[in-house]
Amino acid sequence: MSITIKEVARLAGVSPSTVSRTCTNHPSISEQTKEKVRKAMQELGYEPSAPIASPNTKTIGIVLPVSEKDTYENSFFLETMRGISQFCNQKQYFTTLITGASTDEILQCMRQMIKEERLDGIILLYSSRQDPIVDYLYGEGIQFVIIGKADKYIQDTIYIDNDNIQAARDATSYLISLGHERIAYLGCDSARIFSADRKSGYILALAEQNIPFRPEYYIEIPFIPYEDPEEIKKTLSMKERPTAFIANDDIHALVLAHTASQMNLRIPEDLSIVSFNNSIAARLTSPPLTSIDINSRQLGIEAASQIINHIEDPSLLPTKIIVPHHLVERKSCAAPAKSR
């Protein structure tokens with residue numbers, strides 16, 4: 001009985017479609033996976049029919065995180081996609097957006113597109129712990145790039161990131177330099193690696209100045225609320241309330257500023273705020289926000305550059321790129337009242 005493609009796939013630990021794409025030398029399959037499949041083919045004595053060169057479709061899939069209401073309202077994703085599109089246009093590559101209300105929905109869409117050989121590579125616009133989408137792409141040997149830090153398969157994964165620990169450290173140190181010691185942090189879901197890293201940088205900067213970390217000053221809100229959150233109200237109502245806040249992004253900062261205003265707290269006289277992303281919202285709000293610019297568009301450009309480089313030369317080693325950040329000072333920060 002002749003050896004089947006399914007037996008090769010089972011031995012190599014991949015899907016039959018990956019074996020098929022290896023036989024046609026499809027650019028979406030990494031060299032590492034191709035070697036694993038070829039080894040299994042040789043071991044089993046599998047001989048494919050004469051391979052037909054599989055054309056590069058020149059299409060990159062862009063994957064958004066599971067569709068939360070704020071995903072489409074966050075300028076980070078828009079700016080990053082702008083950078084990806086800008087570079088892909090220059091290289092005459094197409095892009096297609098992959099979204100879904102659940103991880104399973106995204107996976108189903110992705111599997112179908114890969115099966116039909118409509119994608120050459122994937123860019124994930126986020127990084128999360130224990131992400132089944134990353135497991136699937138890695139297991140199938142599909143070329144992919146993460147915008148953010150890889151959680152696993154680190155040596156084999158291409159990723160583009162900021163130094164989020166240092167960025168939060170810089171934001172915290174800036175507030176400390178103004179005289180603040182009661183500094184709070186407003187973050188999102190700590191399963192998002194960038195948020196966990198920023199929390200670490202915040203705690204590190206406090207420790208460097210011998211300022212104790214106060215758990216009651218740390219607030220985590222997974223989704224952007226449309227009403228003033230009770231967690232923020234509670235923190236701003238404390239007897240020793242914070243005199244300054246670091247907000248995980250500009251949208252969180254706007255929610256914080258609105259809540260503070262509802263409680264008759266003035267910015268920056270009563271509460272200083274440093275945010276992240278430096279979006280148009282940071283520039284147009286009143287007062288305009290001091291914000292860490294993480295160069296979102298550059299993150300997208302670098303991601304597109306790397307995925308295309310690795311599609312066109314699969315022998316390249318996985319790249320890790322850190323895009324620099326900088327703090328933009330505006331009107332949302334001042335020395336605490338007791339220092340003025």
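The values are calculated or read from the model by the stated rules, or taken from the named source; none is laboratory data. Here the structure is a predicted model, which means the values were calculated and not measured. Reconstructed Cβ throughout: ideal geometry from the backbone, glycine too, with neighbour counts over all protein chains shown. Protein only, heavy atoms only, side chains kept; ligands, DNA and RNA dropped before computing areas. Shrake-Rupley method; radii C 1.70, N 1.55, O 1.52, S 1.80 Å.
Things worth noting here:
- A single entry from E227, E208 fulfils the requirement of being modelled with pLDDT of 95 or more and open to solvent by 70 Å² or more (accessible area, probe 1.4 Å): E208.
- Candidates D131, D156, filtered to the one that is farther than 30 Å from E208 by Cα and surrounded by fewer than 17 Cβ atoms within 10 Å (Cβ to Cβ): D156
- Among the residues of segment 159-177, those that are under 14 Å from I292 (Cβ atoms), over 15 Å from the mean Cα position of the chain (by Cα) and open to solvent by 10 Å² or more (accessible area, probe 1.4 Å) comprise Q166, R169, D170, S173, Y174.
- Taken together, I60, I106 contain a single residue that is closer than 23 Å to N309 by Cα and of a type in the set (A, V, I, L, M), which is I60.
- Here A303 fulfils each of the conditions (1) modelled with pLDDT under 95; (2) outside any loop (DSSP other than H, G, I, E, B) apart from (1).
- Of the criteria (1) closer than 25 Å to E302 by Cβ; (2) touching a residue at least 24 places away in the same chain (Cβ under 8 Å), which one V134 fails: (2)
- Count of segment 74-124 residues which are under 22 Å from N162 (Cβ atoms), modelled with pLDDT of 90 or more and open to solvent by 10 Å² or more (accessible area, probe 1.4 Å): 9
- Check on K338, under 18 Å from H180 (Cβ atoms), in a helix (DSSP H, G or I) and open to solvent by 30 Å² or more (accessible area, probe 1.4 Å): yes
- Residue check for T285: free of Cβ contacts under 8 Å to residues at least 60 places away in the same chain, buried (at least 20 other Cβ atoms within 10 Å of the Cβ), out of contact with any strand residue (DSSP E or B) (no Cβ under 7 Å at 6 or more places or on another chain) and of a type outside the set (A, V, I, L, M): yes
- Selection status of S261, out of contact with any strand residue (DSSP E or B) (no Cβ under 9 Å at 6 or more places or on another chain), among the polar types (S, T, N, Q) and in a loop (DSSP other than H, G, I, E, B): no
- Looking across segment 5-37, the residues that are touching a strand residue (DSSP E or B) at 6+ places or on another chain (Cβ under 7 Å) and in a helix (DSSP H, G or I) come down to T18, R21, T22.
- In segment 178-190, of all residues being out of contact with any Asp or Glu (no Cβ under 9 Å at 6 or more places or on another chain) and farther than 15 Å from A247 by Cβ, the one that is most open to solvent (accessible area, probe 1.4 Å) corresponds to E181.
- Qualifying position, being β-branched (V, I, T), at pLDDT below 95 and not in a strand (DSSP E or B), among I311, I267: I311
- Meets criteria (β-branched (V, I, T), open to solvent by 60 Å² or more (accessible area, probe 1.4 Å) and at negative phi) for I301: no
- Residues located in segment 254-281, provided they are under 22 Å from R198 (Cβ atoms), open to solvent by 30 Å² or more (accessible area, probe 1.4 Å) and not aliphatic (A, V, I, L, M): H258
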